[in-house]
1. May I ask you to evaluate 6.51 cos²θ - 1.76 cosθ + 1.60, the Karplus curve with θ = phi - 60°, for each residue of the range 72-80 and list the ³J(HN,Hα) values in order in whole Hz, giving x for glycine and proline?
2. Kirkwood Rh over Cα pairs of the range 42-111 into Stokes-Einstein at 10 °C, 1.306 mPa s: D in µm²/s?
3. How far, in degrees from 0 to 90, does helix 154-165 lean away from the longest principal axis of the Cα atoms of the chain, to the nearest 10?
4. Choose one of Y101, Q119, P155: the residue whose Cα lies farthest towards the positive end of the charge dipole of the chain (beta-carbon charges +1 Lys, Arg; -1 Asp, Glu; about the Cα centre).
5. Can you pull out the trypsin sites (Lys or Arg not before Pro) in the range 1-110 whose DSSP state is coil and whose Cβ has at most 13 other Cβ atoms within 10 Å?
6. Can you give the Rg and Dmax of the range 2-76 based on its C-alpha atoms, in angstrom?
7. In nm, to one decimal, how far is the Q121 label point from the R150 one, both placed 7 Å along Cα→Cβ?
8. Quickly estimate the mean residue ellipticity at 222 nm for the chain, helices only: each DSSP H run with n ≥ 4 gives -39500 (n - 2.57), and the total goes over all residues, rounded to 500.
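Rule-based calculations on the coordinates, nothing more; no lab input. If you're wondering where the values come from, they're calculated on a predicted model, not measured in any experiment. Every residue, glycine as well, gets a Cβ built from its backbone with ideal geometry; the counts of neighbours run over all protein chains shown.
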Amino acid sequence: MRVSLVVNGKPRSLDLDPRTTLLDALRENLRLTGTKKGCDMGQCGACTVLVNGVRINACLSLAAMHDGDDIRTIEGVALGPDELHPLQAAFLERDAFQCGYCTPGQICSALAMIEEAKQGQPSNAAADLAAAPTLTDAEIRERMSGNICRCSAYPNILAAIRDVAGPK
Ligand code: FES
Ligand code: FES
């Protein structure tokens, strides 16, 4: 079947087996291999991408469900050819990875997570569900808990996200 996506701002049209996941469409058909396949079953977050600004696990979603959707992957996160997104810069500055396999998913997830908090969406760590969220360390940990790091770089991942989004 034909599926049309807008990926990192570019319209893309694909002929796909209807069973193709969004993750496989990105990696295998569009050769955007920055998005990683860790578990392929929704447990690790390595495949996190943004769909219309919302983070999802691309391994759990069929590409055909996203006809017409706006998809942002790690390849579309930088602000320009020579300008990293502040989160990317913070991950480098804080040495927030070891093997780097989880990093694209961590950064895409953090991008959306910061927007969720700005929009006032509460997390399980919120003491007051009605209050505007502050991205304390506990909030960041909770909101990023769907992204697993096998190298256990969590302290530096937390520090990088806190640099960009935490209380000043
Ligand atoms: S590869 Fe999708 S959650 Fe692990
Ligand atoms: S840096 Fe290796 S899995 Fe996170």
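1. Ordered by residue, 3J(HN,Hα) equals 10, 10, 4, 5, x, 8, 4, 7, x Hz.
2. Rounded, D is 124 µm²/s.
3. 90
4. Among Y101, Q119, P155, the one farthest towards the positive end of the dipole of the chain is Y101.
5. In loop regions of the range 1-110 (DSSP not H, G, I, E or B), the sparsely surrounded trypsin sites (Lys or Arg not before Pro) are R19, R31.
6. Radius of gyration, then largest Cα-Cα span, for the range 2-76: 10.8, 30 Å.
7. Simple spin-label model gives 2.8 nm for this pair.
8. The helix-only estimate for the chain comes to -7500 deg cm²/dmol at 222 nm.
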